[in-house]
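Before any comments, here is the structure.
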Amino acid sequence: MSEINHRIRVHTGDVTKLAVDAIVNAANTSLLGGGGVDGAIHRAAGPELEFECRMLNGCKVGDAKLTRGYRLPARFIIHTVGPVWQGGGKGEAELLASCYRRSLELAAANGCRTVAFPAISTGVYRYPKEQATQIAVDTVSAFIGQKAVPETVIFCCFDQQTAELYQQALLRLAERD
Ligand code: AR6
């Protein structure tokens, strides 16, 4: 197992429960809340979160913005906007990779040692799960391979099937390195 593999974990459960330095939100360009993990994060963080988000003037697809975590156990929330899957020919892969990179850059800039990601774009935005998992693992491993911070990245999967996809991708990564 490579050093990078030791810095990546897979967790099955609700990302709003994790006491980490930052959790990542799969938001939309308005940053004003929605369904899925975004709705769960806004409900758990409380109304102060939307107040701070209103001052951010939205977020572009592939970019990320940081807020406080309010009532969450996590100190910060990094809001990123994944691409809507449109068949794969509209730059979706590069935009999804950019979500992970920009989120990790913000985490590093704010001294976050542990960051937890949900599977961005794989719900309402319909990105095929296997492809999205590969992009998440490749982008995160390339980033942390170059940087000491974040020390640990958690892929927080809502269901066991998604967790298994991540475990398989991490196994391939370990075999490759
Ligand atoms: N913890 C961890 N993962 C979760 C949770 C949770 N509490 N809830 C859902 N997931 P989605 P998207 C998983 O739809 O595809 C919103 O309305 C879920 O099983 O939340 O990027 C936004 O406002 C799936 O694997 O995000 C946007 O409009 C993954 O999180 C839009 O949805 C992402 O599903 C973004 O769509």
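At-a-glance table
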quantity: Residue list for the stretch 79-99, restricted to those being touching a Gly at 6+ places or on another chain (Cβ under 9 Å) and aliphatic (A, V, I, L, M); calculated: 81, 95, 96, 97
quantity: Options 104, 95; residue that is outside any loop (DSSP other than H, G, I, E, B) and within 16 Å of the ligand (Cβ to nearest atom); calculated: 95
quantity: Test: residue in the stretch 26-33 that is assigned to a strand (DSSP E or B) and within 13 Å of the ligand (Cβ to nearest atom); calculated: yes
quantity: Residue satisfying all of: in the stretch 34-43; within 6 Å of the ligand (Cβ to nearest atom) and within 15 Å of the chain's Cα centre (by Cα); farthest from residue 95 (Cα to Cα) among these; calculated: 40
quantity: Cβ-Cβ under 8 Å pairs, at least 6 apart or on other chains, the stretch 57-86 side under 14 Å from residue 122 (Cα atoms), far side among the β-branched types (Val, Ile, Thr) and crowded, with 19+ Cβ neighbours inside 10 Å; calculated: 80/24; 80/120; 81/61; 82/61; 82/120; 83/61
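No value in this document is a laboratory result; all are computed from the given coordinates. This is a predicted model, so every value here is computed, not measured. As a convention, Cβ positions derive from the backbone with ideal geometry for all residues, glycine included, and neighbour counts pool all protein chains shown.
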